[in-house]
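Quick notes on the structure that follows.
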Amino acid sequence: MSKQLITIATEIRKGIVETVYRKQQGHLGGPLSVTDILTALYFHEMKVDPKNPGWEERDRFILSKGHSGIAQYVTLAKKGYFPEEELLTFDDLGTRLQAHPDMTKLPCLDFSTGSLGQGLSAGVGMAIAAKRLDKNFYTYVVIGDGESQEGQIWEAVNIAQKYNLDNLIGILDLNGLQQFGWTVSDEEQSEDKRVRRAPEQRALEKWQGFGWQTFEVDGHNFNQLLSALQSARTDKNGLPKMIIAHTVKGKGVSFMENQYEWHSKSPTNKEYEQAMDELNSILLSFKSKQRQNTSIEVKPS
Amino acid sequence: MTTTIGKVESMRSVFGKKLAEITQSDSMVVTLDGDLGNSTRLATIEKEVPEAFYQMGIAEQNMICVAAGMASVGLQPWVCSFATFLTKRTYDQLVVSIDQTMANVKLCGAYSGLLTSNTGKTHHSLDDIGLMTMLPNMTVIAPGDANETRAAMEAMYNYNGPVYIRLTRAEDIPNFTTDQSFTIGQGKVLEEGTDVAIITTGSMTYQVIKAVKILKNKGLSLYVLHLPTLKPIDSEAIIKAAKQTNYVFTVEEHYIRGGLGSIVAELLSEEYPTTVIRIGVQNEYSECGKNESLLDKHGLTPEKISGRIISKVYN
Ligand SMILES: Cc1ncc(C[n+]2csc(CCOP(=O)(O)OP(=O)(O)O)c2C)c(N)n1
Ligand SMILES: [Mg+2]
């Protein structure tokens, strides 16, 4: 049965909010920002098999901004890697679902992250290994814009280009916020002084300047995401690929959107109910739109 | 002798307030943040003394060398991040640009040990005492409560040279020290009994104070030495503790290798050979969990600490 990506992504967002609310711990802003990207990858683009997570030919995925692990866990559960009930063990002593992805605990994770800036380098290693071993899999790495302040990102960028890694596809979750970041000028400031920034400017020029092939998309628009992912996969031109995805931190829940405080904060009862209402109404409005026939087909898994 | 227990004060909020005071009164003091100011409370400086606050972003290695450059021109930078990223992520930069140049930089490792607000092993810092005491020019401080943090920060400000301060995120520690001043390198005897010496540092001293209550009820006479400075170490106080008692235990929120336990064992093996039993994290990686369950898992609750001591003494 083919499902709609927007529906899946909204269900994943509900799972994220639900888990963080129930456990009263974890991150929200970054996970909600990256949800559509994860949905596009796991439910459309990547060659993976939940029944055979160790399959050698599978595409590899690294969530370099590991603090968004909960988004990946909900995505994996929805995809059928493990039962959704396990989500409620998130962050508990002994859980496989550590706050930051841990491949030694959860075998369907291709790599462990949590200390920012390291995942893209691991992706370079996987892509080099694939070429050397004549394997056709692709390696996908999601990085944050705040994370891109780490010098190591740019060390990886350089090597990927040197070794012509056109089997390496990066996605930049460009949401304009990090954990704390910088204050903005008074003109830009809102009345309550809560506006802060992750000032990643000229991302496109930077990645191009380092010799990567770039794509620029709205990271919440599946048509754009899917077409960029497809070109990134099919352009066998020796260039590593970077999809610059403009996103909204906290996407889908109005009062979390673009608010740096929601980087990691647990919702109160009231906030939880409002968040779920908003997500449910996205589901409803999408269902009515669906009747008007504006759908995006998903490959059956 | 019993320790007086005062009110509970958050170490990180005292850290932010004290550093805001220092930067307010001395414009040569500046602060550098690794995008964690709202967690570590370095944000207090951005709010109260904005001209003394530099946001360096998520780029710890760069931040360390920027601080070294500032110090070489006469500023006194205080650099703050989570202990694990501040030390491990930047170790070569720390060695070459800070320690080898004897830069007057104050390194503030927040969220040290296991208690990092449930973020797991990538965020735990269980080796920073080892890494930092290894450096020849480094001074290493791990205050036990908020009051001592305030006093230690004043001493750091007045000291010329690199200092690492190890801070805890735990917010349930009452003040058990009362001193207004802090002498770098000096230990504090909290109990002067004769059966068992317990040597502790940082966040674990309060757990030991609670363990002592349990142990006294079992009829043991305890000697408790709190070491808020790990380098230079108070050798005399350690030797005295060993001489006065029959057993020496160390307790730390750190690996038993390379930390307080190693320092004490190395010293005593040369100066006054004694069996030293090290209580701390064993040779394994930690994981997620609530504060209480993590301390329990690694044997660092008052119950587990006292249990370990009792089983050794009455074996
Ligand atoms: C090396 C390192 N430094 C600091 C942190 C703490 N930290 C976790 S998330 C975060 C902000 C990340 O911002 P960004 O990459 O933009 O992610 P997003 O906005 O998607 O949450 C920080 C500073 C870390 N995990 N690793
Ligand atoms: Mg961001």
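Computed from the coordinates by the stated procedures, all read-outs in this text should not be read as laboratory data. In this text, all values refer to a predicted model and were calculated from it rather than measured experimentally. A quick note on method: Cβ atoms are made from the backbone with ideal geometry, for glycine too, and the neighbour counts reach across all protein chains shown.
Worth pointing out:
- Contour minus Cα-Cα distance for B:Gln24 and B:Asn246 (0.36 nm per residue): 75.0 nm
- Segment A:Asp235-A:Glu86, extension gain: residue separation times 0.36 nm, minus the distance between their alpha carbons: 49.8 nm
- Under 18 Å of direct C-alpha separation, and excluding same-chain neighbours fewer than eight residues apart, B:Lys243 reaches these aspartates and glutamates: B:Glu191, B:Glu192, B:Asp195, B:Asp234, B:Glu266, B:Glu270, B:Glu271.
- Among the residues of A:86-95, the average count of other protein chain beta-carbon atoms within 10 Å of the residue beta-carbon is 4.
- Efficiency of FRET from Cβ geometry, A:Lys289 and A:Asn269, R₀ 22 Å, rounded to 0.05: 0.10
- Scanning residues 5 or more positions from A:Phe61 or on other chains, those with amide H under 5 Å from its amide H are A:Asp110, A:Tyr140, with H placed 1.01 Å from N in the peptide plane.
- Per residue, chain B reaches -11000 deg cm²/dmol at 222 nm when only DSSP H runs of four or more residues are counted, each adding -39500 (n - 2.57).
- Phi to ³J(HN,Hα) by Karplus 6.51 cos²θ - 1.76 cosθ + 1.60 over the stretch A:208-216, Hz, x for Gly, Pro: 5, x, 8, x, 9, 7, 10, 9, 10
- Phi angles across the stretch B:94-109 convert, under the Karplus curve 6.51 cos²θ - 1.76 cosθ + 1.60 with θ = phi - 60°, into 3J(HN,Hα) values of 4, 5, 6, 8, 9, 6, 5, 8, 6, 5, 7, 10, 9, 9, 10, x Hz, Gly and Pro given as x.
- Built amide H within the under 5 Å cut-off of A:Glu216, gap 5+: A:Ile244
- Counting other Cβ atoms within 10 Å as a rough exposure proxy, the listed residues B:Tyr164, B:Tyr54 run B:Tyr54, B:Tyr164 from fewest neighbours to most.
- By the count of neighbouring beta-carbon atoms within 10 Å, fewest first, B:Cys108, B:Cys65 end up ordered B:Cys65, B:Cys108.
- Of A:Lys51/A:Lys289; A:Lys78/A:Lys251; A:Lys23/A:Lys51; B:Lys47/B:Lys121; B:Lys17/B:Lys213, those spanning more than 26 Å from alpha-carbon to alpha-carbon: A:Lys51/A:Lys289; A:Lys23/A:Lys51; B:Lys47/B:Lys121; B:Lys17/B:Lys213
- With the simple model of a label 7 Å out from the Cα in the direction of the Cβ, A:Leu93 to B:Asn158 spans 4.3 nm.
- Cysteines having no other Cys beta carbon under 4.7 Å from their own, within the protein assembly as shown: A:Cys108, B:Cys65, B:Cys288
- Here, P(r) means the percent of Cα pairs in each 20 Å bin from 0 to the largest distance; for chain B it is 35, 57, 8.
- The alpha-carbon of B:Lys218 sits under 16 angstrom from the alpha-carbons of these lysines, leaving out residues fewer than 8 places away in its chain: B:Lys210, B:Lys304, B:Lys312.
- Debye intensity ratio in log₁₀ form over the Cα atoms of the protein assembly as shown, taken at each q of 0.08 Å⁻¹: -0.61
- Residue by residue along A:175-183, Cβ atoms of other protein chains within 10 Å of the local Cβ number 5 on average.
- Compared with the dominant Cα axis of chain B, that is its longest principal axis, helix B:235-244 is turned about 10°.
- FRET efficiency estimate (nearest 0.05) - Cβ-Cβ, A:Asn280 to B:Tyr91, R0 35 angstrom: 0.10
- Backbone phi angles across the stretch B:200-217, fed through the Karplus curve with coefficients 6.51, -1.76 and 1.60 (θ = phi - 60°), yield HN-Hα couplings of 9, 8, x, 4, 7, 4, 5, 4, 5, 4, 6, 5, 4, 4, 5, 5, 4, 5 Hz in residue order; Gly and Pro are listed as x.
- Cross-link partners of A:Lys47 among aspartates and glutamates, defined as those whose alpha carbon lies under 15 angstrom from its own and excluding same-chain residues fewer than eight positions apart: A:Glu56, A:Glu57, A:Asp59, A:Asp110.
- Put the Cα centre of the stretch A:138-217 next to the Cα centre of the stretch B:17-45 and the gap is 27 Å.
- Ranking of A:His100, B:His254 by count of other Cβ atoms within 10 Å, fewest first: A:His100, B:His254
- Linear extension gain, A:Asp186 paired with A:Glu57, 0.36 nm per residue minus alpha-carbon span: 41.2 nm
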